[in-house]
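To start, the structure itself, in structure tokens.
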Amino acid sequence: MNNRLQKLREKFAEKEIDAVFITQSENRRYLSGFDGTAGFLLITEKKAVLATDFRYIEQASREAPDFEILRIASNIADWFPGLVGDSGVKRPGFEAADVTFNFHRQLSDALKKKKVAARLVPVNSLVESLRAVKEAEEIDLIMKAVAITDTAFECIEGAIKAGMTEKQVAWELEKALRENGSQALPFEIIVASGPQAALPHARPSDRVINDGEPVMIDMGAKIGGYASDLTRTIYVGVPDDTFKKVYNTVLDAQTEAMSIIGAGMTGQQADNAAREIIDKAGYGEAFGHSLGHGVGLAAHELPRLGPGSEETLAEGMVFTVEPGIYLPGWGGVRIEDTVVMEQGKVRGLSQARKAKYD
Ligand code: ZN
Ligand code: ZN
């Protein structure tokens, strides 16, 4: 944990802040170890304070030994100015993507009222950029979540038959995830059949799956706070030529991207590795989303692998590689693996079957 605080403090100068006020829940957990659902952190050059209410005091002292625990009331004006003023902080950063307009106003009004001469400075991706690079223990947890997901998918794949509804399939998958040790669902499972599969984020419905349709399944597990993310597209019945062509193109794009992506590339370059293959096959317009995203405490986090992403892919990053082709009226295919950047290259973690069609 200390190491994470150290790395955070090293970023203060560049952001022109002398402290940071953390409100975002995964960031709070990442920096402090405390996984309760309410609380704030104030981290200065010298101090690290975890402010939470009476429900969590005991848990906080146990989970966040590097932090001074401050018991707070629900009214921010009662404790925030004192916390900032006593720390001698002049330019505390706040998480601009997390703090609402109303909450920001409460914070700044409270400082003004108590005549604390500190100016709140918006910061972006401060902790998120640290979280993007995983430590060995984090990668271990993600690998466990990936293994649970693979097992759950394999348990259910063979049982998906014409006549079942998408919701029934989603429920079977959810049970299998739980039974195999997933502590929660990092996101709602997607089961999209037939034309529904043309929508990248379709919700499972009461639609009955027919023979001769693709079924796209996107699911993940969570363990020790860490997520995995997996998509497989199967075919109910005997695959036709369209499905084979689309499926093989997506798989080629994914395989190629996974072999080309390396440390030092930008998110855009990584995305391009897959996009070129889909373009060449004539489906360029049908791949309307980014190639991938980081996975960790959140199922979607930094880095972003997509058009316009200047983020540099680095050793220890865990992210997805998930090209897709979506054809309105027909359906779609997406294949997604969770991978880790290791020794400069991508190592695929997901093992669920995804063989090419002849
Ligand atoms: Zn996914
Ligand atoms: Zn994903």
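For the reader, a short list of remarks on this structure follows.
- In segment 139-183, the residues that are within 17 Å of Phe319 (Cβ to Cβ) and either in contact with a helix residue (DSSP H, G or I) (Cβ under 9 Å, 6 or more places away or on another chain) or not in a helix (DSSP H, G or I) (or both): Thr149
- The set of residues in segment 202-247 being out of contact with any Gly (no Cβ under 9 Å at 6 or more places or on another chain) and under 30 Å from Glu137 (Cβ atoms) consists of Ile217, Asp218, Met219, Gly220, Lys222, Gly224, Arg232.
- Inter-residue pairs, beta-carbon under 8 Å, first more than 30 Å from Val318 (Cβ to Cβ) and in segment 229-245, second within 16 Å of ligand 2 (Cβ to nearest atom) and among the hydrophobic types (A, V, I, L, M, F, W, C), 6+ apart: Phe243/Val333
- Of residues in segment 7-26 being over 18 Å from Val89 (Cβ atoms) and assigned to a helix (DSSP H, G or I), the one farthest from the chain's Cα centre (by Cα): Lys7
- Residue match in segment 246-259 (condition: part of a loop (DSSP other than H, G, I, E, B) and either within 16 Å of ligand 2 (Cβ to nearest atom) or of a type in the set (A, V, I, L, M, F, W, C) (or both)): no
- Any hit, segment 53-66, residues being small (Gly, Ala, Ser), assigned by TED's automatic domain parsing to the domain that holds Lys7, in a strand (DSSP E or B) and under 19 Å from Ala19 (Cα atoms): no
- Candidates Ile217, Ile190 - the one that is more than 12 Å from ligand 2 (Cβ to nearest atom), buried (at least 22 other Cβ atoms within 10 Å of the Cβ) and either assigned by TED's automatic domain parsing to the domain that holds Phe34 or not charged (D, E, K, R) (or both): Ile217
- Residue within segment 335-358 that is crowded, with 18+ Cβ neighbours inside 10 Å and away from ligand 2 (no atom under 16 Å from the Cβ) present: yes
Matching residues to (1) part of a strand (DSSP E or B); (2) in contact with a Pro (Cβ under 6 Å, 6 or more places away or on another chain); (3) more than 16 Å from ligand 1 (Cβ to nearest atom):
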residue: His293; (1), (2), (3): yes, no, no
residue: Ala298; (1), (2), (3): no, no, no
residue: Arg304; (1), (2), (3): yes, no, no
residue: Gly308; (1), (2), (3): no, no, yes
residue: Ala314; (1), (2), (3): no, no, yes
residue: Thr320; (1), (2), (3): yes, no, no
residue: Ile325; (1), (2), (3): yes, no, no
residue: Gly332; (1), (2), (3): yes, no, no
residue: Thr338; (1), (2), (3): yes, no, no
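The values are calculated or read from the model by the stated rules, or taken from the named source; none is laboratory data. This is a predicted model, so every value here is computed, not measured. Positions of Cβ are backbone-derived with ideal geometry, glycine not excepted, and every protein chain shown enters the neighbour counts.
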